[in-house]
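Novice: Have a look at this one before I ask anything.
The values are calculated or read from the model by the stated rules, or taken from the named source; none is laboratory data. Just so it is clear, the model here is predicted, and its values are computed rather than measured. Cβ placement follows ideal geometry from the backbone for every residue including glycine, while neighbour counts extend to all protein chains displayed.
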Amino acid sequence: MTHGQALHQRGRRNSLCRVTVESKTAPAWFTEALADRPEDRFLEVDGCRIHYLRWGDPAKPGLLLVHGGAAHAHWWSFLAPQLTTQYHVVAPDLSGHGDSGRREEYPREQWAKEIVAVGEDAGFVGPPMVVGHSLGGFVSIVAASLFGDRLAGAIIVDSPVRKPDPESEEGARGRAFRNPKTYGDRATARKHFRLIPPQPETNDFIVDHVALNSLHQVPEGWTWKFDAQVFVRVSLVPMSDYLANARCRIAIFRGEFSDLVPPETGEYMYELLDRNAPIVEIPQAHHHLILDQPLAFIAALRAILADWEHSVPRRARA
């Protein structure tokens, strides 16, 4: 893949405008994780500047964390340090999100190329594992189908592949982001941050962290970093086709209370994978399970990754 000349910023830690949340209610594990500041790096992929965060030892196996729609790499910055004992961890901002550049359109195939290019730029010692939440799970499924020989596996986190596909649902959710507003100050903007789809916001300190890092200042005030065009459908291949043709290991995580991936959707995805993939339910979790049950998610992720390191697939996917 041609992704242009890397625009490395080696040694430039914390160079971007970043918000650290200080809260009396935040537990020690959270504040300690945020104190482990990542390195900011950039590269160019097909004419667009892509930003990513990097933690840990580059000599360790690679782990790529992919955020959801209208989100950004800092949805992972309180979780990535929990994984650096075993992994070299990277979290990109997909184009149209976070501190990455924008494109005229956003096919999922392009985003899949971006995460593979980020993995190459990060210098992983071998094929990385990819973990994608929501829209990031769809991107990971596409990458597993198109570039599965470059991946060690993909873990799909509450991304609904339905009969025939999840597009109608995503289009409905996307409408909530079509007209992002601008606010006079950051505090006012924060009050308007909402999780889509709605769910109980049980960990306010985490929601504050992702909300405040979702904003940037423009001449008119403060607004959200994402490009509203990221929800315009341009990918024509059904997600069910991509999932059925995945060319690397796949695991599926879902929240116990998720409306997007109920048990029957997990079962359909299981059938698409020839009943050859673990389906992991995170207890007491909704769609945004990395926010409401972060430690349960990390425990489940560690368990799957440890098992995959010491076993082989029952059969290689064609």
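Novice: Restricting attention to segment 195-216, which residues are aliphatic (A, V, I, L, M) and within 17 Å of the chain's Cα centre (by Cα)? Spell out how you get there, then give the answer.
Specialist: Initial filter on segment 195-216 (aliphatic (A, V, I, L, M)): 195-196, 206-207, 210-212, 215.
Selection gives L195, I196, I206, V207, V210, A211.
Novice: Where the second residue is modelled with pLDDT of 90 or more and of a type outside the set (K, R) and the first is assigned to a loop (DSSP other than H, G, I, E, B) and surrounded by fewer than 17 Cβ atoms within 10 Å (Cβ to Cβ) and lies in segment 197-210, which pairs have Cβ atoms under 8 Å and are six or more apart or on separate chains?
Specialist: P197/D259; P197/L260; P197/H287; P200/H286; P200/D292; T202/D292
Novice: Continuing with this model, one more query. Can you give me the number of residues within segment 236-247 that are crowded, with 19+ Cβ neighbours inside 10 Å and assigned to a loop (DSSP other than H, G, I, E, B)?
Specialist: Result for segment 236-247: 1.
Novice: Out of all the residues in segment 42-60, which are farther than 16 Å from Q110 by Cβ, touching a helix residue (DSSP H, G or I) at 6+ places or on another chain (Cβ under 8 Å) and assigned to a loop (DSSP other than H, G, I, E, B)?
Specialist: Of everything in segment 42-60, those that are farther than 16 Å from Q110 by Cβ, touching a helix residue (DSSP H, G or I) at 6+ places or on another chain (Cβ under 8 Å) and assigned to a loop (DSSP other than H, G, I, E, B) turn out to be G56, P58.
Novice: I'd like the full set of residues that are free of Cβ contacts under 8 Å to residues at least 60 places away in the same chain and among the charged types (D, E, K, R), limited to segment 73-102.
Specialist: D93
Novice: Moving to a separate point now. Is it the case, given these coordinates, that E104 is among the charged types (D, E, K, R) and buried (at least 24 other Cβ atoms within 10 Å of the Cβ)? It would help to see each step written out before you state the result.
Specialist: Values: among the charged types (D, E, K, R): yes; buried (at least 24 other Cβ atoms within 10 Å of the Cβ): no.
It is false that E104 is among the charged types (D, E, K, R) and buried (at least 24 other Cβ atoms within 10 Å of the Cβ).
Novice: Please work out which one of (1) farther than 24 Å from S140 by Cα; (2) among the hydrophobic types (A, V, I, L, M, F, W, C); (3) touching a residue at least 40 places away in the same chain (Cβ under 8 Å); (4) in a helix (DSSP H, G or I) is the condition W222 fails and give its number.
Specialist: (4)
Novice: Only residues in segment 283-305 that are more than 21 Å from I250 (Cβ to Cβ) and touching a residue at least 12 places away in the same chain (Cβ under 8 Å) count as the first member; pair them with residues that are assigned to a helix (DSSP H, G or I) and not aromatic (F, W, Y), Cβ under 8 angstrom, at least 6 apart or cross-chain, and list the lot.
Specialist: P283/A296; Q284/D292; Q284/A296; H286/D292; L291/I206; L291/V207; L291/V210; P294/I206
Novice: Quick check, is V230 modelled with pLDDT under 95, buried (at least 19 other Cβ atoms within 10 Å of the Cβ), within 19 Å of W111 (Cα to Cα) and in contact with a Phe, Trp or Tyr (Cβ under 8 Å, 6 or more places away or on another chain)?
Specialist: Yes.
Novice: Are any of the residues in segment 255-269 of a type in the set (D, E, K, R) and in a helix (DSSP H, G or I)? Please lay out each step first, then the result.
Specialist: Start the filter on segment 255-269 by keeping residues that are of a type in the set (D, E, K, R), which leaves 256, 259, 264, 267.
When the remaining residues are screened for being in a helix (DSSP H, G or I), the result is 264, 267.
Scanning segment 255-269 turns up at least one residue that is of a type in the set (D, E, K, R) and in a helix (DSSP H, G or I).
Novice: Let me ask something additional. List the residue pairs whose Cβ atoms are under 7 Å apart, where the first residue sits in segment 259-281 and is touching a residue at least 40 places away in the same chain (Cβ under 8 Å), the second is polar (S, T, N, Q), and the two are 6 or more positions apart or on different chains.
Specialist: Qualifying pairs under 7 Å: L272/S240.
Novice: Just give me the residues in segment 284-312 being on the phi < 0 side of the Ramachandran plot, outside any helix (DSSP H, G or I) and either crowded, with 21+ Cβ neighbours inside 10 Å or in contact with a strand residue (DSSP E or B) (Cβ under 9 Å, 6 or more places away or on another chain) (or both), in sequence order. Before the answer, list the steps.
Specialist: Filtering segment 284-312 for residues on the phi < 0 side of the Ramachandran plot gives 285-312.
Narrowing the set further to residues that are outside any helix (DSSP H, G or I) leaves 285-288, 293, 310-312.
Residues satisfying the conditions are A285, H286, H287, H288, Q293.
Novice: If we scan segment 3-21, do we find a residue that is in a loop (DSSP other than H, G, I, E, B), closer than 20 Å to G119 by Cβ, of a type in the set (D, E, K, R) and at pLDDT 95 or above?
Specialist: no
Novice: When the residues of segment 127-147 are narrowed to those that are out of contact with any Lys or Arg (no Cβ under 7 Å at 6 or more places or on another chain) and assigned to a helix (DSSP H, G or I), which ends up surrounded by the most Cβ atoms within 10 Å (Cβ to Cβ)? Spell out the reasoning first.
Specialist: Taking segment 127-147 first, the residues out of contact with any Lys or Arg (no Cβ under 7 Å at 6 or more places or on another chain) are 128-137, 140-141, 143, 146-147.
Add one more test, that the residue is assigned to a helix (DSSP H, G or I), and what stays is 135-137, 140-141, 143, 146.
Values: L135: 25, G136: 29, G137: 27, S140: 33, I141: 29, A143: 30, L146: 19.
This residue is S140.
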